[in-house]
Amino acid sequence: PNGAIDAAADDGSLQALRQQAAVCRQCPLWEASTQTVFGEGRADAHIMLVGEQPGDVEDLSGRPFAGPAGKLLDRALQELGIERSTLYLTNAVKHFHHERRGKVRLHKRPESRHVHACRPWLQGEVARVKPQVIVCLGATAATALFGSGFNLMRDRGRWHVLDDGTRGYATVHPAWVLRQKDEARREDAYRLFRDDLRQLLVADS
Ligand code: URA
Ligand code: SF4
């Protein structure tokens, strides 16, 4: 198996998809990274959050949103009273695209060919979890699901409907919040992020 969904090994479950993604080699990103970071959370979640790709911590731990961006996401969820364990969290790309600089591994944005190659796994997760609402964190996830015409700063917070009828919207990526230059800007960016996530409270009722 090299990553295309193998019908013989597939019983239609999320677990079967995860096992197949673990050995995916459909794009070159697997080679320099530690492991496939598949989604995690409830297989029957009402809400799915989709990020960009695993970062350094996620690559090593094998879990999505385990590093600094994940901590910020946790803070926002906690402030909104949303339990992380009720969600399904995943990424548009499941291996860590990076560049080595001595001992550190610097994040590189996934290219559209990586997003394209990885999309069957994301689509498989959407088809199996069947969430009521999908929130894309950042432009990579948003273009992967809503199409290349998506413009994050223009279209943030607006509802989209996928071909299968699932509703979703996008907000900024928590790593973008962390990249803001000073404390005041970070706090503003954080509020924007959290307030976009707040739409979930009305959407999932
Ligand atoms: N950023 C993402 O987009 N996803 C993660 O899992 C971690 C950081
Ligand atoms: Fe496969 Fe996605 Fe990893 Fe590329 S990034 S090897 S498509 S799982």
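The values are calculated or read from the model by the stated rules, or taken from the named source; none is laboratory data. Computed from a predicted structure; not experimentally measured. Every residue, glycine as well, gets a Cβ built from its backbone with ideal geometry; the counts of neighbours run over all protein chains shown. Side chains are part of the model used for accessible areas, which takes the heavy atoms of the whole protein and leaves out ligands, DNA and RNA. Shrake-Rupley method; radii C 1.70, N 1.55, O 1.52, S 1.80 Å.
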Go through 136-142, 98-104 and give me the packing order, highest mean Cβ count within 10 Å leading.
136-142, 98-104
Accessible surface, the chain, averaged per residue in Å² (probe 1.4 Å):
50
Write down the Å³ per residue value for the convex hull defined by the alpha carbon atoms of the chain.
118
Rounding to the nearest 20 debye, state how big the charge dipole of the chain is about its Cα centre with +1 on each Lys and Arg Cβ and -1 on each Asp and Glu Cβ.
600
Antiparallel DSSP bridges in the stretch 59-205: what percent, to the nearest 5?
55
Any residue on another chain or 5+ positions along whose placed amide H is under 5 Å from the amide H of GLY51 is listed here as THR90, ASN91, ALA92, LEU137
For the stretch 37-107 versus the stretch 142-205, the gap between their alpha-carbon centres in whole angstrom
15
Among 164-176, 37-49, 67-79, how do they line up by average Cβ neighbours within 10 Å per residue, starting with the highest?
37-49, 164-176, 67-79
Among all helices in the chain defined by DSSP H, which have a length of 20 Å or more along the axis from Cα atoms plus a Kyte-Doolittle mean of at least -1.0?
112-129
